[in-house]
1. Using the Karplus curve 6.51 cos²θ - 1.76 cosθ + 1.60 with θ = phi - 60°, what ³J(HN,Hα) values do you get for each residue of region 51-56, in whole Hz, with x for Gly and Pro?
2. Output ³J(HN,Hα) for region 121-135: one whole-Hz value per residue in order, computed from phi by the Karplus curve 6.51 cos²θ - 1.76 cosθ + 1.60 with θ = phi - 60°, and x for Gly and Pro.
3. Under a plain spin-label model, where a point goes 7 Å from the Cα along Cα-to-Cβ, how far apart in nm are Trp62 and Glu168?
4. Counting only protein chains, not ligands or nucleic acids, how are Ser157, Ser66 ordered by accessible area (probe 1.4 Å), most first?
5. What is the sum of charges, Lys and Arg at +1 and Asp and Glu at -1, for the other residues whose Cβ falls under 13 Å from the Cβ of Val152?
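The values are calculated or read from the model by the stated rules, or taken from the named source; none is laboratory data. Nothing here was measured: the structure is a model prediction, and the numbers come from that model. Here the Cβ positions follow ideal geometry from the backbone for every residue, glycine too, while neighbour counts run over all protein chains shown. Just so you know, the surface numbers come from the protein's heavy atoms only, side chains and all, with ligands and any DNA or RNA stripped out. Shrake-Rupley method; radii C 1.70, N 1.55, O 1.52, S 1.80 Å.
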Amino acid sequence: GEVDIQPGDPEFMTIQVVRADFATFFEQHHAEMVRAMTLALGDPDLGRDAAAEGFARALQRWSTVSVLANPEGWVYRAGINWARSRWRKIRRERFGLQIDGEARPTAPKDEALVRALRRLSVDHRTVVVGRYYLDWSEDQLATALDIAPGTVKSRLSRALTHLSELMEHNDDRP
């Protein structure tokens, strides 16, 4: 049958505290996560959807996620993983057609950098955005992405080398 929880019941109070705690977390990190996922994924709509999915999954597991050292890292990883799954599904449905998002993220303002970021793989964009946009340490990124710190360093090094090459070739300055 149905559980009837009344406002005076301890369960009701626990639910209210969890909702308030999550609401505060959401308000503090939502905009940053949308921007970060937009940059990492290269598409503003997908970035918003991925952030929403990451937060929804965090709310479902809030008692576990809230005590992590970096709960926003958990949301970031959950959103990115959801987007990757969605891309795989779309690719399968469209027999391999690539998705070419027209990202217009609010930051960075340098359009050449945004174009260069789009040319990196999702794995590389994810570590670059996490390290330089979110300002997370390599250890925080490793924890957030559930990969080894050495993998973060390797991906970051390769990504920055590739990004530097892309920026040199796209330099329109005299």
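1. Values, residue by residue: 5, 4, 5, x, 5, 4 Hz.
2. 3J(HN,Hα) across region 121-135, in whole Hz: 5, 4, 4, 6, 4, 4, 6, 5, 5, x, 6, 9, 8, 7, 6.
3. Roughly 5.0 nm, to one decimal.
4. Numbers: Ser157 70, Ser66 40 Å².
My answer, sorted largest first, is Ser157, Ser66.
5. On the way: positive: Arg77, Arg131, Lys153, Arg155, Arg158; negative: Asp123, Glu138, Asp139, Asp146.
Net charge around Val152: +1.
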